[in-house]
1. Against the longest alpha carbon principal axis of the chain, how many degrees, from 0 to 90 and to the nearest 10, is the axis of helix 188-197 turned?
2. Can you run phi through the Karplus equation (6.51, -1.76, 1.60; θ = phi - 60°) for segment 354-368 and list ³J(HN,Hα) in whole Hz, with x for Gly and Pro?
3. With a 10 Å cut-off between alpha carbons and a GNM built on the chain, which of Ser120, Ser61, Ser165 moves the most?
4. Treat each spin label as a single point 7 Å out from the Cα along the C-beta direction, and report the Ser111 to Asn399 distance in nm.
5. When the C-alpha atoms of segment 247-400 are aligned to their principal axes, what extent does each axis show, in angstrom, from largest down?
6. Roughly what would the spin-label model give for Ile158 and Asp229, points 7 Å off Cα along C-beta, in nm?
7. Going through the cross-link list Lys280/Lys355; Lys375/Lys414; Lys112/Lys190, which pairs have a Cα-Cα distance over 18 Å in this structure?
8. Compute the acute angle (0 to 90°) between the alpha-carbon long axis of helix 336-345 and the principal axis of greatest extent of the alpha-carbon atoms of the chain; round to the nearest 10°.
Amino acid sequence: MYRLFFVCFLTLTVSGFEVYSQSLAAKKRIYGIVIKGGHVIDPKNNINEVMDIATEIAPPSIEGQPAVEPKIALIAKNIDTALALQVVNAKGMYVSPGLIDIHTHVFYGHSKSDYLSNGSIAVIPDSYTFRTGVTTVVDAGGAGWKSFQTFKKNIIDISATRVLSMLNIVGEGMRGGEYEQNIGDMDSEKTAAAALENKEHVVGFKLAHFGKADWTPVERLTKAGRIADIPVMVDFGSGNQSLEELFFKYLRPGDIYTHSFCYVPGVREPIIDTETKLIKPFVRKAQQSGLIFDIGFGSGSFDYRTAIPAMKQGFYPNTLGTDLHASSINGAMKDQMNVFSVFLAMGMDIPSIIKAATWTPALTIKRPELGNLSKGAIADITVISMREGDFGFKDIVGNRQEGKRRFECQLTIKGGRVVYDLNAISSKPHLQ
């Protein structure tokens with residue numbers, strides 16, 4: 001009897017000690033995730049070296065309440081992995097702030113006739129963002145002031161991706177055809193009012209696809225921008241108007257000119273002289289003055305006949321918006337990693353590529369809490385590997401450029417939680 005009592009006592013003591021030890025160990029774990037040994041590129045903080053990153057521990061989700069987004073807890077040369085609940089081995093990989101795609105079309109709906117405003121040419125964001133390292137997208141003009149609440153309810157409110165909006169100056173939004181030619185539906189005051197009422201989600205205004213040589217749409221767009229004090233993005237349509245007049249008469253520093261590397265002379269003025277292949281002097285002056293030049297690759301707006309001469313002359317885009325939609329993902333554009341790879345093949349250095357998809361777009365849309373890895377910043381993080389080999393990249397008319405390296409997203413963390421992991425680098429090994 002005494003022996004049985006002693007065995008039970010010993011068992012309970014050992015078990016209690018194990019529980020106590022586990023509890024003590026758990027208390028020591030002060031970080032949610034530690035990303036170990038990656039080459040960190042954080043343009044805001046001028047970091048370009050091997051570092052470790054730790055995130056705060058994510059609190060449990062409470063039903064009916066928005067999830068709390070953990071912050072960056074520490075970035076240092078060597079962080080003890082024993083202090084983390086989860087460890088990511090990023091050796092040999094690049095680690096950047098979560099990517100921001102400043103030019104997408106994610107106002108998806110079931111209509112085939114409504115184009116990019118509640119239409120089926122747009123895409124559902126979560127299906128195309130995390131797998132390519134993107135944590136934040138800006139829908140570029142899909143919704144107008146009339147349709148924004150539908151966009152918010154159907155897309156913004158239910159997406160895991162952080163979805164922001166540039167409202168179209170057209171009240172009906174980007175429904176295509178005659179809708180986007182209707183100057184009577186371009187109301188500066190109502191568009192600005194909708195933005196001011198939805199500051200959490202609206203970060204700019206957009207004009208696109210207008211086909212006449214008339215400055216009225218630009219005037220109404222920029223008026224809305226001044227009222228709400230947010231940037232505007234211009235897709236110059238097919239009016240073949242003067243870029244110099246657009247840049248210096250209408251746009252402000254911080255406004256965005258998209259589809260910068262298109263090549264459709266006679267329809268839209270290119271940024272290069274088509275005979276000499278030289279960047280037009282006023283284009284450089286505009287960029288130096290603070291105008292943002294976005295790629296807006298898309299399915300019809302990136303052409304090597306403009307891009308290669310511009311890049312050879314050191315004219316780099318400020319932002320690498322993909323112009324994500326159903327046509328572009330199955331064409332030359334594909335995704336954000338492919339756009340990165342295209343520009344790497346043309347000579348753009350990796351820190352500049354990362355900056356054009358993180359800190360620059362964050363500043364452009366006036367969201368400095370995004371696009372960086374500062375202590376206390378939202379823990380959006382992207383881990384990227386580089387594949388070596390023989391690759392080919394094409395523009396929208398089928399011209400091919402060869403490259404030896406291709407970016408590949410390995411891991412995406414959004415708000416301190418792993419949302420995509422290509423090769424399970426955030427998971428514990430399975431014990432046989």
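1. 10 degrees
2. Residue by residue, segment 354-368 yields 4, 4, 6, 10, 9, 5, 4, x, 4, 5, 4, 8, 6, 10, x Hz.
3. Among Ser120, Ser61, Ser165, the largest GNM mean-square fluctuation belongs to Ser61.
4. The two pseudo-label positions are separated by 3.7 nm.
5. Answer, in whole Å and largest first: 50, 42, 29 Å.
6. 3.6 nm
7. The pairs that break the limit, which is 18 Å between Cα atoms, are Lys280/Lys355; Lys112/Lys190.
8. Result, in degrees: 70.
All of the numbers you see were taken from the coordinates with simple rules; none came from a lab. All values derive from a computational prediction rather than experimental measurement. Methodologically, a virtual Cβ is constructed for each residue, glycine included, from the backbone with ideal geometry; neighbour enumeration extends over all protein chains shown.
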